[in-house]
Every structure is written in structure tokens, then in C-alpha cells.
Amino acid sequence: MQVPAPFEYVRASSVGEAIDLLERLGPEARLVAGGHSLLPMMKLRLATPEHLIDINPLAGELGDVREEGGEVRIGAMTRHRDVLESELLVRRFPIMRDAERRIADPPVRNRGTIGGALCQADPSEDLSAVCAALKASVVIRGRGGDRVLDMVAFHRGPYETAVGDAEMLVEVRVPVRPHGGSAYEKVERRAGDWAIAAAGAALWLDGATVADAGIALSAVNPRGVRCERAEQALVGRPPSEEAFAEAAALAAEDCDPIADQRGSAEYKRHLARELTHRALRRAAERTLAS
Amino acid sequence: MQITLSINGETRSAEAEPRTLLVHVLRDHLDLTGTHWGCDTSNCGACVVLVDGEPVKSCTMLAAMAEGHEITTVEGLARDGELDPVQQGFFEEHGLQCGFCTPGMMLTARALLNENPNPSDEEIRVAISGQICRCTGYANIVRAVRWAAEHEAGATAGEEAIA
Ligand SMILES: Cc1cc2nc3c(=O)[nH]c(=O)nc-3n(C[C@H](O)[C@H](O)[C@H](O)COP(=O)(O)OP(=O)(O)OC[C@H]3O[C@@H](n4cnc5c(N)ncnc54)[C@H](O)[C@@H]3O)c2cc1C
Ligand code: FES
Ligand code: FES
């Protein structure tokens, strides 16, 4: 039976209090949201915080999804289940439902949060790729106020983000732009497992050509989330099979998979290409419906 | 620390370290051993209980995090000696063999039927997809949940007719 190492437990009742506690308790304190990444790591003693600050009481303050100022704003404590079931998100960004249906399983989705997922920055985590493809930004709050960063600046690499000491993620903001479509494709070994490889794609059209594109990979990309060369290859061109094949090839070329129990590097690179292509194709179909 | 929980409608208290997981408080401190514990990796779902009506893996929640929430364990399913229709369904349709996964499966079924009284087989399968059964091959579990849905649906229709 594995249990976490001892720690002190404290509940925060507001964002301000959580930030004060982080400041007062110092670097050995950690926030716990859904706990579905942190507690398994603590059981394995891969994380041994001395203080755990429970932010579940902020589920009301940071738990809604709403459209405001040309953006959809998702509170950091929004649980996977609520992302999955949000009518607004399904309508605006179908990529979210594509991904959420494949993240873990229903009991895990009842607890895990979008904020915890992005802050964990697991290289195989799905929502970072989704948010990157959608060119979302995140709001980080500290004593000094809010900072708004795009996903490239936020997601610094495996298990590393731009959230500093005594700061927390409070919101994810996804811009609503006209004539957009998005999709997520993932291959896993069995239902509910982490990706062997996954690709998210978003397209925005201007008449008959691609005005902007977002492409992001998960599980094959230790260095970053977005595939900017592949995105650039689409801009200004009609959303055609040839253009998608070219972009997919670039995304596969630029990714950097490692061989592990989930598959060889070649297999994962093959998946990166195929899944990018499929995600682009489905995103394009959805621009027509939008 | 002193941890006070609301379990199956009763207030229960335990003295436990903050690191104690909900599953261990239930089993080891409160003697509610109907909730099972089957893995260290949050994968098997044997430990599923309902927290405010939603299935949650109790091995991946600190007991302290459960304060202020309504916990339902398998011990809370039967009412006044009457089996819940879900329990009856598992009995009628042979929904268990060794029984290890059964408490979690039944609680998930209860939560599903509360939200969706007439689920399709596909919806039942999705609902239990985070829980592993090594014995039944799942087919009888799906039948058991359907049995409960059918027998409950009848009861509800009857109530509506009276109302
Ligand atoms: C069996 C299983 C299968 C899974 N499968 C998948 C999968 O297929 N795909 C996938 O993407 N994920 C998967 N996950 C991970 C799951 O989605 C987690 O819930 C999620 O990654 C973390 O969210 P959380 O709220 O539980 O975070 P926590 O575990 O509470 O926190 C994770 C980290 O983020 C920090 N943190 C949390 N919230 C904030 C905040 N607001 N501001 C700053 N820091 C914060 C914490 O301090 C901690 O370091 C799986 C998990 C399990 C247990
Ligand atoms: S004991 Fe296996 S998921 Fe909780
Ligand atoms: S009945 Fe044995 S594990 Fe399900």
C-alpha cells in the first residue's frame, strides 16, 4: 500500500488566500486541485511537498465556462467532466470534446481540472495540445496582479510551466474567431490510457483559403507543443488534402518522439503524421459547419 | 487531524494524518470495508464511492478533501433492508463473480441511473469504463444495470401515473 509522505494540509477559501498561503509557506508548498496527477506522484514519492494547499473550495470561484469579450473563459477549477459536457465549448471548439472523451475515465474526469492538467504539463497530457492548437492564453495570478501568457510562453517543457512561486493559474481564455473548425485525434493502447501520440488542429478560413492554423502534438514533443512550421505551410492556401499532407509531414519531421513501452520512435512519428492529417481534415470539415 | 465526514447520511469522525486517503479512512478507521482497494496507480476503480453523487476513486482523494461533501458507499445502497434495484439487478443477472469490483460498479450504476434513467448499453459501458472487472467480461454487468433501469423505470412511471 502506497501512501504519500507526511505533509500539513490547509484549505484555501479564496484565490487571494491561496496566493497568501503559497507566499507564506514557501517553495515546499503545493496546490492540490483534482489531485489526480499530484496524489499518484506523492504515492510514488516523486513529489514530497511539506504543505498541501487544497483549492477545491475555489471550484465555485474558478469553475465556470462563459463567453465574454470575444473569448471563451474557462476557470482553472473546471473539471474535465464539465469541459466535456459544456454546450458552449462543444459549439465553439469541438476539439475540446474530442479530447475530453479520451482523457482517462469518468471517475478521473469527475475530479481532474483543466488548471491542474495544464500546470502538471505532463508531456502526454491532452489539454495542453488542445489549448495550444486553439491559440489560447492563460491568466496567472500573483500578489502583483495578473499576467496573461500564450501557450508557447506558458508551457516550458515537460513538467515545467511559467507559473512562478506564489502564483497560480486562474483562467484559460480561448479566442472566438470566425469561420473556425477544430479537431483532436489520439491513439492509445487501451481505453482511458495516455496517448501513444495525439494531434490537435484548428483552422480559420478567409473565404476559400486558410487565414490561420494551429497544430499541436502530444506525447511526441518533449520540446514544445505547437508545430509552427506546419502551421505556416497552410496559411494562404486552400484547405486541400495536398496542403494537409504537407503540413502533416512537417509536423512529423519536427516532432521528437522517444521509444518507450508505448511504441518505437518511428511508430510514434508515423502516428504524428497520420493523426495531424486526420485532425486537419476533420477541422476543415467543421469550418464548413461553423 | 480530526476528519469529520458525512457518509451514507451519517456524520462520522476519525483521527487520521492529513496524508490518509479516503479509501483508508473508510476501510481502516470506520470499518466500512465494502469499499475495496485494488491498486496504487488510480487505474482499477475498485475504490469508487460517490462524492456528492458522482463516482470518484477514493484512493485518489485525501479523506480531508472529502470533508463537507456527501459520501455514499456500498453500505448506503440498501434502504431499510430493501436492496437497491441496482443490487437486485446484479443478483438477477449474475453481474458478479468474485465480487471485488462490485461495490464500485454498483455505485457507478446508481449515479448513472440517477442522471439517465434509461441508458443505452453504450452509455453503460462508458460509465463503467474506469473500473476493471477481471471475472465477468462485463456483459453481465451491463445486463445488471439494464435490469435495474427497466425495473426502476416501471416504478417511476407508476409514481407519475399516481401524481
Ligand atoms: C488513471 C489516470 C489516467 C489519466 N489519463 C489521462 C489522459 O489520458 N490524458 C490526460 O491528459 N490526462 C490524464 N490523466 C491526468 C488527469 O487528467 C489529471 O486530472 C490532470 O492531469 C491533473 O489535474 P488535477 O486537477 O487532478 O491536478 P492536480 O493533481 O491537483 O495538480 C497537478 C499539478 O498542478 C498544480 N496545480 C493544480 N492547479 C493549479 C492552479 N490552478 N494553478 C497552479 N498550479 C496548479 C499542482 O500543484 C500540481 O503540481 C490521468 C490521470 C489518471 C489518474
Ligand atoms: S484502488 Fe485502484 S483505482 Fe483506487
Ligand atoms: S466480479 Fe471479480 S472483479 Fe468483477
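The values are calculated or read from the model by the stated rules, or taken from the named source; none is laboratory data. Quantities reported herein were computed from a predicted structural model and do not represent experimental measurements. Glycine gets a Cβ as well: all are built from the backbone with ideal geometry, and neighbour counts include every protein chain shown. Surface accessibility is based on the protein's heavy atoms, side chains included, excluding ligands, DNA and RNA. Shrake-Rupley method; radii C 1.70, N 1.55, O 1.52, S 1.80 Å.
Residues are listed down the side, and each one gets a yes or a no for (1) within 16 Å of ligand 2 (Cβ to nearest atom); (2) assigned to a helix (DSSP H, G or I); (3) under 22 Å from the mean Cα position of the chain (by Cα):
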position: A:P4; (1), (2), (3): yes, no, no
position: A:L22; (1), (2), (3): no, yes, no
position: A:P27; (1), (2), (3): no, yes, no
position: A:L31; (1), (2), (3): no, no, yes
position: A:P40; (1), (2), (3): yes, yes, yes
position: A:P49; (1), (2), (3): no, no, no
position: A:L58; (1), (2), (3): no, yes, yes
(request) Return the residue satisfying two criteria in turn: it lies in region B:19-38 and is farther than 26 Å from B:E115 by Cα and part of a helix (DSSP H, G or I), and of such residues it is farthest from the other protein chains (Cβ to nearest Cβ). (result) B:H29
(message) Quick check on my filter: what residues within region A:242-273 are touching a residue at least 40 places away in the same chain (Cβ under 8 Å) and either open to solvent by less than 70 Å² (accessible area, probe 1.4 Å) or of a type in the set (K, R) (or both)?
(response) A:F244, A:A251, A:P257, A:R262, A:G263, A:K268, A:R269, A:L271, A:A272
(request) Taking A:E125 as the residue in question, decide whether it is outside any helix (DSSP H, G or I), outside the structural domain of A:L31 (by TED's automatic domain parsing) and open to solvent by 20 Å² or more (accessible area, probe 1.4 Å). (result) no
(request) Quickly run through region B:89-121 and pick out the residues that are of a type outside the set (A, V, I, L, M, F, W, C) and not in a loop (DSSP other than H, G, I, E, B). (result) B:G89, B:E92, B:T102, B:P103, B:G104, B:T108, B:R110, B:N114, B:E115, B:D121
(request) Could you look through region A:89-103, keep only residues that are within 14 Å of chain B (Cβ to nearest Cβ) and open to solvent by 30 Å² or more (accessible area, probe 1.4 Å), and pick out the one that is nearest to ligand 1 (Cβ to nearest atom)? (result) A:R102
(request) For residues that are near ligand 3 (Cβ under 10 Å from one of its atoms), crowded, with 16+ Cβ neighbours inside 10 Å and in a loop (DSSP other than H, G, I, E, B), tally how many sit in region B:122-140. (result) 5
(request) Taking B:T108 as the residue in question, decide whether it is in contact with a Pro (Cβ under 6 Å, 6 or more places away or on another chain) and either of a type in the set (S, T, N, Q) or within 15 Å of ligand 3 (Cβ to nearest atom) (or both). (result) yes
(request) Provide a single number: the residues in region A:152-175 that are crowded, with 17+ Cβ neighbours inside 10 Å and closer than 16 Å to A:I95 by Cα. (result) 3
(request) Please specify each residue of region B:39-66 satisfying the condition of being assigned to a loop (DSSP other than H, G, I, E, B) and at the interface with chain A (Cβ under 7 Å from one of its Cβ atoms). (result) B:D40, B:T41, B:S42, B:G45, B:M61
(request) Taking only region A:79-88 into account, find how many residues are open to solvent by less than 20 Å² (accessible area, probe 1.4 Å), assigned to a helix (DSSP H, G or I) and of a type outside the set (A, V, I, L, M). (result) 1
(request) For region B:34-63, name all the residues that are within 16 Å of ligand 3 (Cβ to nearest atom) and surrounded by fewer than 24 Cβ atoms within 10 Å (Cβ to Cβ). (result) B:G34, B:H36, B:W37, B:G38, B:C39, B:N43, B:C44, B:A46
(request) Inspect all residues belonging to region A:276-289 and state whether any of them is under 22 Å from A:N221 (Cα atoms), among the acidic types (D, E) and in the same structural domain as A:G214 (by TED's automatic domain parsing). (result) no
(request) Scan A:G63, A:G34, A:G115 and give me the residue that is away from chain B (no Cβ under 14 Å) and either away from ligand 3 (no atom under 16 Å from the Cβ) or out of contact with any helix residue (DSSP H, G or I) (no Cβ under 8 Å at 6 or more places or on another chain) (or both). (result) A:G115
(request) Give region B:6-20 a look and list any residue that's within 17 Å of the chain's Cα centre (by Cα) and open to solvent by less than 20 Å² (accessible area, probe 1.4 Å), or say none. (result) B:I7
(message) For B:D80, only one of the following conditions fails: (1) in contact with a helix residue (DSSP H, G or I) (Cβ under 7 Å, 6 or more places away or on another chain); (2) over 18 Å from B:R134 (Cβ atoms); (3) modelled with pLDDT under 95. What is its number?
(response) (1)
(request) Identify, by number, the condition in (1) more than 12 Å from chain B (Cβ to nearest Cβ); (2) part of a strand (DSSP E or B); (3) in contact (Cβ under 8 Å) with a residue 40 or more places away in the chain that A:I53 doesn't meet. (result) (1)
(request) Considering (1) surrounded by fewer than 14 Cβ atoms within 10 Å (Cβ to Cβ); (2) of a type outside the set (D, E); (3) out of contact with any Phe, Trp or Tyr (no Cβ under 8 Å at 6 or more places or on another chain), say which one A:P178 fails and leave the rest. (result) (3)
(request) May I ask you to verify whether A:R11 is more than 10 Å from every other protein chain (Cβ to nearest Cβ) and of a type in the set (K, R)? (result) no
(message) Need the failing condition index for B:A66 against (1) open to solvent by 10 Å² or more (accessible area, probe 1.4 Å); (2) more than 16 Å from ligand 3 (Cβ to nearest atom), just the number.
(response) (1)
